[in-house]
Amino acid sequence: MTLLRLRGFEIHKGFIDVAAQRALIEALRPVLRAAPLFSPTVPGGGQMSVRMTSAGAFGWYSDASGYRYSQTHPKGQVWPDIPEPVLAIWRKLTGVERSPECCLLNFYGENARMGLHQDKDEEDFSYPVVSISLGDDGLFRIGNQTRGGKSESIWLSSGDVVVMGGEARLIYHGVDRIRFKSSRLLPKGGRINLTLRVVT
């Protein structure tokens, strides 16, 4: 494992070994059965290229009305619990006693991307956001606390974990592209990104 620091982001390269990655995928299967992936729309009327779902007390959601957290899946059911192996990563890396209330699962297919954005729908920014990469490599771009200016990019591989806290908590970040089928973790290819957040 290697720890890198980039603009305040703590990037733990190779934090999760292959066996633990496979165990995480198995732990996520019940989540996906209980709360299937969906393609959210954005306030402007377009559709996000990633598909997503959530676990925990809250799930992140977007539609024509805006961005927000919801206690229920778009189909009406409550979100499933966050799997224990995911919570264990939060505890190991943050040292925060409070557990996350949302585990947002983003699935990136071959042409999916995520534009530069801030995670700012939470009530208390003193808690970090923990981001877990599984599957194909993703080109992660880190900007600034305001839009514009120079940015830096780094490839995140399966098993890498990023902690966004402190001054980095509200820095713009996104995923420009993935190297489709660069990993064998997901037989059909693609990237899963889990982000753990304290919401309230």
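Please give, to one decimal in nm, the separation of the simple spin-label points placed at D124 and T200, each 7 Å out from Cα toward the Cβ.
If labels sit at D124 and T200, their model points lie 1.2 nm apart.
Under unit Cβ charges (Lys, Arg +1; Asp, Glu -1), what dipole magnitude, rounded to 20 debye, does the range 2-197 have relative to its Cα centre? Mind dumping the intermediate values first?
On the way: 25 positive and 20 negative charges, 117 e Å.
Dipole about the Cα centre, nearest 20: 560 debye.
Which ³J(HN,Hα) values in Hz, rounded to whole numbers, follow from the phi angles of the range 30-41 under the Karplus curve 6.51 cos²θ - 1.76 cosθ + 1.60, where θ = phi - 60° and Gly and Pro get x?
x, 4, 5, 6, 6, 9, x, 4, 9, 10, x, 8
Please work out, to two decimal places, the log10 of the ratio I(q)/I(0) at q = 0.10 Å⁻¹ from a Debye calculation in which every Cα of the range 2-197 carries one identical scatterer.
For the range 2-197, the Cα-only Debye profile gives -0.37.
Which far-off residues, 5 or more places away or on another chain, put their amide H under 5 Å from the one on V50, with H placed in the peptide plane?
Excluding prolines and chain starts, which carry no amide H, the hits are R113.
Charges at C-beta only: +1 for Lys and Arg, -1 for Asp and Glu. How large is the resulting dipole of the range 21-105 about its Cα centre, in Debye rounded to 20? Mind showing how you got there, number by number?
Values: 9 positive and 6 negative charges, 34 e Å.
My answer is approximately 160 debye.
Please give the Cα centre distance for the range 121-200 versus the range 80-94, rounded to the nearest Å.
Between the Cα centres of the range 121-200 and the range 80-94 lies a distance of 17 Å.
Along the charge dipole of the chain, pointing to its positive end and built from +1/-1 on Cβ of Lys, Arg, Asp and Glu, which listed residue (L134, H117, A35) has its Cα farthest out?
Ranked along the dipole, the leading option is L134.
Would you please put 174-182, 127-135, 148-156 in order of how densely packed they are, using the mean number of other Cβ atoms within 10 angstrom per residue and starting with the highest? Please report the intermediate quantities before stating the final value.
Working: 174-182: 17.3, 127-135: 24.2, 148-156: 13.0.
Those peptides, ordered most packed to least, come out 127-135, 174-182, 148-156.
Name the residue from P74, G166, P100 whose Cα lies farthest towards the positive end of the charge dipole of the range 2-197, charges +1 on Cβ of Lys and Arg and -1 on Cβ of Asp and Glu.
P74
Run the dipole for the range 66-169 about the Cα centre, Lys and Arg Cβ at +1, Asp and Glu Cβ at -1, nothing else charged, and hand back the magnitude in debye, nearest 20. Walk me through the numbers before you get to the answer.
Details: 11 positive and 15 negative charges, 55 e Å.
That gives the range 66-169 a dipole magnitude of about 260 debye.
Using +1 at the Cβ of each Lys and Arg and -1 at the Cβ of each Asp and Glu in the chain, identify which of L196, N144, S49 lies farthest towards the dipole's positive end.
Checked the options; the winner is S49.
Remind me, relative contact order of the range 1-79 in percent, using alpha carbon pairs under 8 angstrom and six or more residues apart?
Values: 102 pairs, mean separation 15.1, N = 79.
This gives 19 percent for the range 1-79.
Each reported figure results from applying straightforward, stated rules to the coordinates on display, with no laboratory input. Note that this is a predicted model, so its numbers are computed, not measured. Backbone-built Cβ (ideal geometry, glycine too); neighbour counts: all protein chains shown.
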